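Some notes on the structure that comes next.
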Amino acid sequence: MNQGANKKREAKLRERCEVLAGVLVSVGGLYHNESTTKDQKAYLETMIGAALWYLPVPKECWTGKISLEAIRAHHPDSGVQRPKLTADHEYPRKIAAGELLGRHAGERAKLSDELLPLYVGKYGRFNYVTPQENRSLMPHQRRSAFVDPATAYLAAGITLVAVTEGELSQIKKRNAAAIARVLQRL
């Protein structure tokens, strides 16, 4: 991506974070109102979670990790015809939305300054996994089970491997030698 496109994406992310901060402040009173039911709060969290999902994802949100299974599936000898990668957000959107509503609603000035760094540094962070692994993570990313990202991945039996952008590119291209080099490090 060229520098102009990066700047445009950054500006779009900044603008959307400003709007989302305003929305959080606006619905904060409703979220914290004693007459708001659990179901209504859950619905608000779903709406804010969707807004988080639709934020542009900057390159720096990738943790630099991919699952071992995803690497193996991309090896040309894996038997997988068209391996796919899924960007799995470490923090489930509904949990992220609940934290934002619970901690920051009603604090417009503070939230406007903090939402973008919170998104880039926490809520927007993702790892690459297989679609099957993404589904296996779901029970461990529900509010009742979620402790933190590492615990969810461990419970789902997913091993994450740190790779460089160049290595990720070669994995996606199904370069057997590059994949072998990554696997030899383990």
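The values are calculated or read from the model by the stated rules, or taken from the named source; none is laboratory data. The shown structure was predicted, so the numbers you read here are calculated from the model rather than taken from an experiment. Note that each Cβ is placed from the backbone with ideal geometry, even for glycine, and that neighbours are counted across all protein chains shown. Ligands, DNA and RNA are excluded from the accessible area calculation, which covers all protein heavy atoms including side chains. Shrake-Rupley method; radii C 1.70, N 1.55, O 1.52, S 1.80 Å.
Cα centroids of segment 1-55 and segment 125-147: how far apart, whole angstrom?
Cα centres, segment 1-55 to segment 125-147: 21 Å.
Given (1) 54; (2) 18; (3) 29, which label gives percent of Cα pairs over 30 Å apart as computed from the coordinates?
Of the listed options (1) 54; (2) 18; (3) 29, (3) comes from this structure.
Of the cross-linked pairs K8/K172; K41/K172; K7/K41, which ones have a Cα-Cα span greater than 30 Å in the structure shown?
The pairs that break the limit, which is 30 Å between Cα atoms, are K41/K172; K7/K41.
Leaving ligands and nucleic acids out of the surface, order S67, S169 by accessible area at 1.4 Å, largest first. Provide the component values of the computation, followed by the final result.
Details: S67 0, S169 45 Å².
The ordering from most to least exposed comes out as S169, S67.
Expressed as an acute angle from 0 to 90° and rounded to the nearest 10, what is the orientation of the C-alpha long axis of helix 108-118 relative to the principal long axis of the chain?
It is inclined by approximately 10 degrees.
Probe of 1.4 angstrom, ligands and nucleic acids ignored: what's the accessible area per residue over the chain, in square angstrom?
58 Å²
I need to check one value: relative contact order of segment 56-186, counting alpha carbon pairs closer than 8 Å and at least 6 residues apart, in percent. Spell out each step's value before the answer.
Working: 147 pairs, mean separation 51.7, N = 131.
Relative CO of segment 56-186 lands at 39 percent.
Sticking to Cα atoms, compute the Rg of segment 27-133 to one decimal and its Dmax as the biggest Cα-Cα distance, whole number, in Å.
That works out to 17.5, 59 Å for Rg and Dmax.
Name the residue farthest towards the positive end of the dipole of the chain from the options H89, V129, I179, assuming +1 on Cβ of Lys and Arg, -1 on Cβ of Asp and Glu, about the Cα centre.
Checking the options against the dipole of the chain, the answer is I179.
Which of the three applies to segment 27-79, rounded, prolate or oblate, going by the alpha-carbon gyration tensor with a ≥ b ≥ c and a/c under 1.5 meaning rounded?
Details: a/c = 4.76, a/b = 2.80, b/c = 1.70.
Taking the square roots of the gyration eigenvalues as a ≥ b ≥ c, segment 27-79 is prolate.
Compute, for segment 1-74, the length of the dipole vector about the Cα centre, with Cβ point charges of +1 (Lys, Arg) and -1 (Asp, Glu) only. Units Debye, rounded to 20.
400 debye
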